[in-house]
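Any read-out appearing in this document is the output of simple, stated calculations on the displayed coordinates, not a laboratory observation. All values derive from a computational prediction rather than experimental measurement. Neighbour counts are summed over all protein chains in view; Cβ atoms, including those assigned to glycine, are modelled from backbone coordinates with ideal geometry.
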Amino acid sequence: MSHRSLQTRRQCLAAIAGIAIVGSLLAIPADGSNAAPGGVPSPIAQASGISQDLLQPNRLYNRIGRPIPVVLALRGRTDAPAAGFDLLLIDVDGTVLDSANGGQPGEFDLLSTLPAIMDLQRTARIQVIADGMATGTPLVVQPMIGRTPLRTTRDFRPGTDTRYTRIIGFGDAVLDPDAPEDVAKLEKMKLSPDWDPGEPPVLTGFRIYPDRDVRIETDAGEILVALAPEAAPNTAWNFRHLAANGFYDDTTFHRVVHFDRTGRRFVIQGGDPSGTGEGSAGWDLPMENSTLFHDLGVISMARADHPDSAGSQFFFCLSREGTARLDGQYCAFGYAVDGAETIAKTADVEIDDVAAGTPTTPPTITRMTLVPAPPQDPGIARSDRRITEWWTPEVKDTSDERRPR
C-alpha cells in the first residue's frame with residue numbers, strides 16, 4: 001500500500017477517534033521472526049491461544065525500565081493486511097492516546113512501539129486495527145501503582161444508632177470536596193501527631209493481559225459482566241482470577257434485597273461458598289478508590305465493616321436510587337452488559353427472612369467462565385455496552401383475540 005493510502009487510513013482513524021493519530025512503524029522484526037528483544041525466543045509464540053487474541057503478552061508482569069515483549073499473530077486470518085496492522089492505545093472513554101502503524105506478525109517491544117504507555121495513570125487498552133477496523137480482543141495495560149493511605153471516621157448509619165466505619169478520603173484528598181464536615185475532619189487529622197502522609201505512589205511496572213468478560217451461568221439464566229480495571233484494577237483482577245478458577249461454581253445468591261426500607265431497588269449478593277454470608281476466599285483486598293458509580297447492573301464487592309475486608313463476596317446493584325449511597329464506601333469493578341432479565345428474576349425470588357434478605361430457595365450460580373471481550377473501537381466508551389433499564393416481562397397484546405362469552 002502506498003504512503004498516501006496509509007496516510008488516508010490513518011486520517012480516517014483520526015476522524016473516528018477525534019484526534020490526530022501519529023506514530024512510527026511497529027518495531028517488529030522485518031523477517032517476521034519470533035525473536036524477542038535480545039534474541040530470546042518467545043515462549044508463547046508457538047503456543048495455541050484463543051482465536052480472538054491477535055495480540056498476546058509474553059508475560060503478565062512487566063517491571064519498569066524493561067522491554068514489554070508481545071506477539072502479534074494472524075489467528076483466524078490467512079495473511080496480514082496489505083498495509084500491515086495498526087495498534088491503538090485507547091482510554092476507557094474511547095480517546096486514542098498513542099498509535100503505531102504498519103506492523104507484521106511477530107514479536108516486538110510494546111513499550112518502544114507505544115511510548116505513551118509510560119504516561120498512563122489508569123488502565124487502558126491496546127487494540128489491533130486491520131483494514132481500518134478494530135479486530136480481535138484488546139490487551140489490558142494496567143500501571144502498577146501503590147495506594148495512598150485510606151482515611152476513615154466512625155459514624156452512625158442513617159436513621160439508626162449503629163456505628164460503622166465510613167471512608168472519607170484517600171491520601172490528603174476527601175472523596176467529596178463539597179462535604180464541609182469531611183473536609184474539616186481530614187484537616188483535623190493532618191494536624192494530629194499520628195498523621196501518616198504515606199509514601200508517594202510509585203510506578204513499578206505494568207500488568208498486561210488479554211481482555212475478558214465474565215459469563216455467569218445461573219438457574220435463572222446468564223449474566224455477562226464487563227470488568228472495569230480502569231476503575232478498580234486489583235479488584236477486577238481478583239474477581240477474574242476467582243471466576244476463572246472455579247471458586248464461584250455451584251454457589252448461591254445468598255442475600256436478596258429487592259427493595260430497601262425506603263422502597264428503592266437495592267442488591268442481590270453472592271460469592272460465599274459457605275452460603276452463610278460469612279465465607280470468603282481466605283484473603284482480604286485493599287480497598288480501591290473506584291471511579292465507577294453504583295448503578296443498575298454494576299457489580300461491586302461486599303465486605304465487613306473494615307474497608308479492607310472484601311475478598312470474594314460481590315453484589316449487583318438493582319438501581320441508582322437505591323445504591324448511590326454506596327459510592328466511595330464499596331468498590332465497584334464492573335457492570336452487566338447482558339442479562340437484565342436474569343438479574344430481575346433473581347431479585348424477584350421468594351424471601352424467607354426479609355430483614356436478612358434470605359431467599360427461601362437461594363438462586364444458584366452454576367458456573368463462571370471467561371470469554372473474550374469485544375474489540376475496543378476508538379471514539380466509543382466501553383460503558384456504552386452496559387445495561388441501562390430494568391427488565392420487565394413483555395405484556396402480550398390479546399386485544400384482537402376472541403373473548404369467551
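For the range 303-405, the spread of Cα positions along the three principal axes, ordered from largest to smallest, is 66, 47, 30 Å. Other residues with beta-carbon under 12 Å from the beta-carbon of L186 carry, at +1 per Lys or Arg and -1 per Asp or Glu, a net charge of -1.
Note on H241 and D161: the extension gain reaches 25.0 nm, defined as 0.36 nm multiplied by sequence separation minus the Cα-Cα distance. For the range 150-200, the C-alpha radius of gyration divided by 2.2 N^0.38 Å, with N the number of residues, is 1.21. Compactness check for the range 73-159: Cα Rg over 2.2 N^0.38 Å is 1.57.
Extents of the range 164-256, taken as max minus min of Cα coordinates on every principal axis and listed largest first, are 53, 38, 23 Å.
In degrees from 0 to 90, rounded to the nearest 10, what is the angle of the helix 180-190 Cα long axis to the longest principal axis of the chain? Compared with the principal axis, the helix lies near 70 degrees.
By the scheme Lys and Arg +1, Asp and Glu -1, what is the net charge of all other residues having a beta-carbon under 12 Å from that of R367? Local charge sum for R367: -4. Let me know the whole percent of all Cα-Cα pairs from the range 244-304 that are separated by more than 16 Å. The answer is 56 percent, as a whole percent. Its alpha carbons give the range 212-372 an Rg and a Dmax of 14.0, 39 Å. Here each label is just a point 7 Å from Cα along the line to Cβ, and for D353 and A80 those points are 6.2 nm apart. Take the alpha-carbon centre of the range 295-347, take the same for the range 177-204, and report the distance between them in whole Å. Here the two parts' Cα centres lie 27 Å apart. For the pair I64 and R385 in one chain, pulling the backbone fully straight at 0.36 nm per residue adds 112.3 nm over the alpha carbon distance.
Kirkwood radius and radius of gyration were both taken over the C-alpha atoms of the chain, and their ratio Rg/Rh is 1.02.
Just R265, R207, R154 to compare: in a GNM of the chain, with alpha carbon springs under 10 Å, which one fluctuates most? Comparing R265, R207, R154 in the GNM, the peak value goes to R154. Here the simple spin-label model places points 7 Å from the Cα toward Cβ, and for A324 and M118 these points are separated by 4.4 nm.
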